[in-house]
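These notes concern the structure reproduced below.
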Amino acid sequence: MLQVKGLSKKFDNILAVDNISFEVGNGEIAVLLGPNGAGKSTTIKSIAGLLKFDGKISVDGMENKSIEAKKVFGYVPETAAVYNYLTVFEHIEFIARAYCLDNNWTEKAEHLLKRFDLADKTEKLGKELSKGMQQKLSICCALIINPKMIMLDEPMMGLDPKAIKELKNIFIELKKAGCAVLISTHIIDSIEEIWDKVLVMNKGKIVLERTREELEEKSESLEDVFFKYTEGAIV
Ligand code: ATP
């Protein structure tokens with residue numbers, strides 16, 4: 001579903017992402033782990049089509065910056081970008097209209113807003129929402145399009161425990177529905193039970209790619225590989 005080949009991104013003289021390649025398949029949950037400044041957000045922003053980059057990225061066989069590709073993937077940025085003067089409901093309506101969703105999107109919107117405790121806040125303006133509420137709304141906006149691929153940059157930040165639990169359930173539902181999921185996070189506990197593939201990044205490179213089975217064979221945890229591959233020698 002998601003194919004990244006030879007992705008590099010330079011900001012002036014900083015090589016933020018250095019020739020990385022990876023894939024995320026249908027129904028696969030991949031997690032990008034790495035210390036601050038490793039290049040995770042730059043990778044995700046490049047895939048989302050927000051940055052110029054070198055390399056090739058395709059989503060469902062289509063070039064990532066094409067309209068066709070953009071129709072099928074959702075993106076939850078590190079910092080929620082909500083419109084100050086749109087209500088919660090208008091945010092979802094805006095996305096639904098922009099993506100030309102079928103009329104039954106309102107039912108799904110109600111369901112999502114209820115799951116994230118926003119059902120009684122549909123008339124609140126973006127500027128009136130707390131940080132956590134903005135993050136929840138941003139997640140709802142990415143989910144309303146029924147994505148085939150979704151990327152979430154530090155999605156658990158600022159969420160309350162109920163929303164974290166709900167989001168984990170949603171990841172499992174997306175997986176079952178065949179959606180490819182790419183999550184960048186430092187909160188390893190939050191994805192421990194659900195990930196399928198880990199991509200450890202350090203200094204712009206992918207220094208380790210392993211499946212859950214491969215780590216289990218070696219009785220290693222995500223935390224183990226995080227420290228092993230991001231501190232000191234890189235194998
Ligand atoms: P964090 O976990 O702190 O969010 P990250 O792994 O997401 O970090 P990036 O935000 O991708 O890391 O940053 C990778 C490198 O690129 C860092 O050295 C950062 O300083 C640099 N960088 C990121 N965005 C820009 C920018 N707009 N201009 C210049 N340098 C940037």
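Entry remark, region 178-204: residues being touching a residue at least 60 places away in the same chain (Cβ under 8 Å), away from the ligand (no atom under 16 Å from the Cβ) and part of a loop (DSSP other than H, G, I, E, B) number 5 in total.
Out of all the residues in region 173-194, which are of a type in the set (A, V, I, L, M, F, W, C) and modelled with pLDDT of 95 or more? Selection gives LEU174, ALA177, CYS179, ALA180, VAL181, LEU182, ILE183. Checked against (1) of a type outside the set (Phe, Trp, Tyr); (2) in a helix (DSSP H, G or I); (3) in contact with a Ser or Thr (Cβ under 7 Å, 6 or more places away or on another chain); (4) within 16 Å of the ligand (Cβ to nearest atom), ILE164 passes all but condition (4). Is there any pair with a first residue in region 1-19 that is more than 16 Å from LEU199 (Cα to Cα) and a second that is in a strand (DSSP E or B) and hydroxyl-bearing (Ser, Thr, Tyr) whose Cβ atoms are under 8 Å apart and which are 6 or more apart or on different chains, and what are they? Partner pairs satisfying both residue conditions: LEU15/SER8. Pairs meeting the criteria (first residue in region 146-175 and in contact (Cβ under 8 Å) with a residue 60 or more places away in the chain, second residue within 16 Å of the ligand (Cβ to nearest atom) and assigned to a loop (DSSP other than H, G, I, E, B), beta carbons under 6 Å, at least 6 apart or on different chains) are ASP153/PRO77; ASP153/GLU78; GLU154/GLU78; GLU154/THR185. If you check ILE44 against the conditions, is it surrounded by 15 or more Cβ atoms within 10 Å (Cβ to Cβ), more than 16 Å from the ligand (Cβ to nearest atom), modelled with pLDDT of 95 or more and part of a helix (DSSP H, G or I)? No, not satisfied. Apart from one condition, VAL235 fits all of (1) modelled with pLDDT of 90 or more; (2) away from the ligand (no atom under 15 Å from the Cβ); (3) of a type in the set (A, V, I, L, M); the exception is (1).
The values are calculated or read from the model by the stated rules, or taken from the named source; none is laboratory data. All figures in this text were calculated on a predicted structure; none of them were measured in a lab. Cβ atoms come from the backbone with ideal geometry, glycine included; neighbour counts cover every protein chain shown.
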